[in-house]
Structures are given as C-alpha cells and as structure tokens.
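The values are calculated or read from the model by the stated rules, or taken from the named source; none is laboratory data. Computed from a predicted model, the values in this text were never measured in an experiment. Here the Cβ positions follow ideal geometry from the backbone for every residue, glycine too, while neighbour counts run over all protein chains shown.
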C-alpha cells in the first residue's frame, strides 16, 4: 500500500456546489485540514461529503467567515472511503479560496 500526500485546491468561480476531491476507487483518504482564506467581506462556506456506498450527501461543516482571515473548517480528520467525494460551496466567489491537505492510501502502489 502506497501513501501519497496531496493537496486539492478550491478557487470558486460559482456559488454552486463544487467537487473538490474524489477519492479513487482503489484508495482511502484522510483529509487533515480544510484551510480557508477569506481576504475580505463576510461569506458562508459549506462542506459536504458524498458517501458513494449509499449515494447520500452529508453536510459536515458550515462556517460564517468574516475577512480578512484564515481558518480551518475541519475540526478533526475526515475519512473518505472508496469513491467518496468532498464538496465545497460558498455564498460569494470574491476573494475566497481553500486548500485541502490529504493523505491518500492507495492499494495498487500507484497514484490514482
């Protein structure tokens, strides 16, 4: 089993829900941080997970963020199983971004 440390970036151009990271079907992943940068104004950021095993979406975080500020909306590690996805949505696309810090554990000893 190979471990890969990767980042997934969120730089929204829409207020719609965006899939930021999808766990490969041969892997599990641990999301350590969802670090959000809000350069100005007030925004709402929501994070959700699609649990692929039951085709259900669960909201896991909700943050009302006034900027300028940097914060982590993951209050602990988040485990994704095979084919699960993490989604982000913001109320305003101006001056907001995020990075997810991910440990991906791949059963095939190759990335992806």
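Within segment 73-89, the set of residues being surrounded by 15 or more Cβ atoms within 10 Å (Cβ to Cβ) and part of a strand (DSSP E or B) comprises 78, 80, 85, 86, 87, 88, 89.
Within segment 29-40, the set of residues being crowded, with 22+ Cβ neighbours inside 10 Å, more than 10 Å from the chain's Cα centre (by Cα) and over 16 Å from residue 66 (Cβ atoms) comprises just one member, 29. Apart from one condition, residue 43 fits all of (1) over 20 Å from residue 91 (Cβ atoms); (2) part of a strand (DSSP E or B); (3) more than 14 Å from the chain's Cα centre (by Cα); the exception is (1). Return a yes/no flag: does segment 21-28 have any residue that is part of a strand (DSSP E or B) and over 11 Å from the mean Cα position of the chain (by Cα). Yes, segment 21-28 has at least one match.
The set of residues in segment 90-112 being part of a strand (DSSP E or B) and either surrounded by 18 or more Cβ atoms within 10 Å (Cβ to Cβ) or modelled with pLDDT under 95 (or both) consists of 90, 96, 98, 100, 102, 104, 106.
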